[in-house]
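J.: For reference, the structure I am asking about is given below.
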(Lines give C-alpha, C1' and ligand atoms only; values in the text may rest on other atoms or scores of the structure.)
Protein backbone atom coordinates (compact mmCIF):
# COMPACT_ATOMS: atom_id res chain seq x y z
CA UNK A 1 0.00 0.00 0.00
CA UNK A 2 1.43 3.37 -1.00
CA UNK A 3 1.89 6.01 1.67
CA UNK A 4 -0.84 8.23 0.24
CA UNK A 5 -3.55 5.54 0.13
CA UNK A 6 -6.11 5.36 2.92
CA UNK A 7 -5.71 2.61 5.50
CA UNK A 8 -9.38 1.67 5.11
CA UNK A 9 -11.09 1.31 1.74
CA UNK A 10 -14.59 1.81 3.12
CA UNK A 11 -15.95 3.44 6.31
CA UNK A 12 -17.32 0.11 7.57
CA UNK A 13 -13.76 -1.26 7.67
CA UNK A 14 -12.73 1.49 10.09
CA UNK A 15 -15.84 0.79 12.18
CA UNK A 16 -15.06 -2.94 12.34
CA UNK A 17 -11.49 -2.14 13.36
CA UNK A 18 -12.63 0.28 16.06
CA UNK A 19 -15.21 -2.18 17.36
CA UNK A 20 -12.61 -4.93 17.75
CA UNK A 21 -10.24 -2.58 19.57
CA UNK A 22 -13.05 -1.33 21.83
CA UNK A 23 -14.24 -4.85 22.74
CA UNK A 24 -10.65 -5.83 23.51
CA UNK A 25 -10.20 -2.75 25.70
CA UNK A 26 -13.42 -3.62 27.56
CA UNK A 27 -11.96 -7.05 28.31
CA UNK A 28 -14.20 -9.22 26.15
CA UNK A 29 -11.15 -10.96 24.69
CA UNK A 30 -7.37 -10.76 24.84
CA UNK A 31 -5.34 -9.61 21.87
CA UNK A 32 -3.87 -13.12 21.66
CA UNK A 33 -7.40 -14.55 21.36
CA UNK A 34 -8.19 -11.96 18.71
CA UNK A 35 -5.08 -12.75 16.68
CA UNK A 36 -5.88 -16.47 16.82
CA UNK A 37 -9.50 -15.89 15.73
CA UNK A 38 -8.44 -13.68 12.82
CA UNK A 39 -5.74 -16.12 11.72
CA UNK A 40 -8.23 -19.00 11.84
CA UNK A 41 -10.73 -17.03 9.75
CA UNK A 42 -8.13 -16.12 7.13
CA UNK A 43 -6.94 -19.74 7.00
CA UNK A 44 -10.55 -20.94 6.46
CA UNK A 45 -11.07 -18.38 3.70
CA UNK A 46 -7.85 -19.35 1.94
CA UNK A 47 -8.83 -23.03 2.13
CA UNK A 48 -12.08 -22.06 0.38
CA UNK A 49 -10.20 -20.30 -2.43
CA UNK A 50 -9.76 -16.71 -1.21
CA UNK A 51 -6.92 -15.33 -3.32
CA UNK A 52 -5.76 -13.17 -0.38
CA UNK A 53 -5.21 -10.03 -2.44
CA UNK A 54 -5.99 -7.75 0.48
CA UNK A 55 -9.43 -6.67 -0.67
CA UNK A 56 -11.18 -9.18 1.62
CA UNK A 57 -9.07 -8.58 4.74
CA UNK A 58 -11.70 -6.63 6.66
CA UNK A 59 -14.40 -9.12 5.68
CA UNK A 60 -12.24 -11.69 7.47
CA UNK A 61 -11.80 -9.21 10.32
CA UNK A 62 -15.57 -8.86 10.67
CA UNK A 63 -16.22 -12.61 10.41
CA UNK A 64 -13.58 -13.29 13.08
CA UNK A 65 -15.08 -10.61 15.30
CA UNK A 66 -18.58 -12.06 14.95
CA UNK A 67 -17.28 -15.54 15.74
CA UNK A 68 -15.36 -14.37 18.80
CA UNK A 69 -18.27 -12.27 20.13
CA UNK A 70 -20.56 -15.30 19.83
CA UNK A 71 -17.98 -17.64 21.40
CA UNK A 72 -17.62 -15.28 24.36
CA UNK A 73 -21.40 -15.15 24.83
CA UNK A 74 -21.69 -11.41 24.21
CA UNK A 75 -24.19 -12.17 21.45
CA UNK A 76 -25.42 -15.22 19.62
CA UNK A 77 -24.74 -16.14 16.03
CA UNK A 78 -28.51 -15.96 15.51
CA UNK A 79 -28.74 -12.42 16.88
CA UNK A 80 -25.77 -11.28 14.81
CA UNK A 81 -27.42 -12.77 11.72
CA UNK A 82 -30.68 -11.01 12.59
CA UNK A 83 -28.88 -7.65 12.66
CA UNK A 84 -26.89 -8.44 9.51
CA UNK A 85 -30.14 -9.16 7.66
CA UNK A 86 -31.69 -5.94 9.00
CA UNK A 87 -28.71 -3.92 7.77
CA UNK A 88 -29.01 -5.59 4.35
CA UNK A 89 -32.70 -4.62 4.15
CA UNK A 90 -31.88 -1.06 5.26
CA UNK A 91 -29.17 -0.81 2.59
CA UNK A 92 -31.53 -2.13 -0.08
CA UNK A 93 -34.15 0.56 0.63
CA UNK A 94 -31.66 3.44 1.00
CA UNK A 95 -30.91 5.58 -2.08
CA UNK A 96 -27.29 5.53 -3.19
CA UNK A 97 -25.18 8.13 -1.44
CA UNK A 98 -27.53 8.51 1.52
CA UNK A 99 -26.73 7.37 5.06
CA UNK A 100 -28.08 3.95 5.94
CA UNK A 101 -30.21 4.02 9.07
CA UNK A 102 -31.85 1.04 10.73
CA UNK A 103 -35.58 1.29 11.28
CA UNK A 104 -37.90 -1.13 13.11
CA UNK A 105 -39.26 -2.39 9.78
CA UNK A 106 -35.76 -3.57 8.82
CA UNK A 107 -36.06 -6.33 11.42
CA UNK A 108 -39.19 -7.75 9.78
CA UNK A 109 -38.20 -10.34 7.17
CA UNK A 110 -41.54 -10.03 5.34
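The values are calculated or read from the model by the stated rules, or taken from the named source; none is laboratory data. No experiment lies behind these values; they were computed from the predicted model shown. Because the Cβ atoms are built from the backbone with ideal geometry, glycine has one as well, and the counts that use them run over all protein chains shown.
J.: Does residue 36 satisfy the criteria of being over 12 Å from the mean Cα position of the chain (by Cα), modelled with pLDDT of 95 or more and surrounded by 12 or more Cβ atoms within 10 Å (Cβ to Cβ)?
T.: Judged against the criteria, residue 36 is a match.
J.: Select from segment 25-63 the residues that are under 30 Å from residue 110 (Cα atoms) and either free of Cβ contacts under 8 Å to residues at least 40 places away in the same chain or not in a helix (DSSP H, G or I) (or both) and list them in ascending order.
T.: Residues satisfying the conditions are 59, 60, 63.
J.: Considering only segment 72-87, how many residues are in a helix (DSSP H, G or I) and surrounded by 11 or more Cβ atoms within 10 Å (Cβ to Cβ)?
T.: 10
J.: When the residues of segment 94-106 are filtered to those that are assigned to a helix (DSSP H, G or I) and surrounded by 11 or more Cβ atoms within 10 Å (Cβ to Cβ), which remaining residue is farthest from the chain's Cα centre (by Cα)?
T.: The qualifying residue farthest from the chain's Cα centre (by Cα) is 105.
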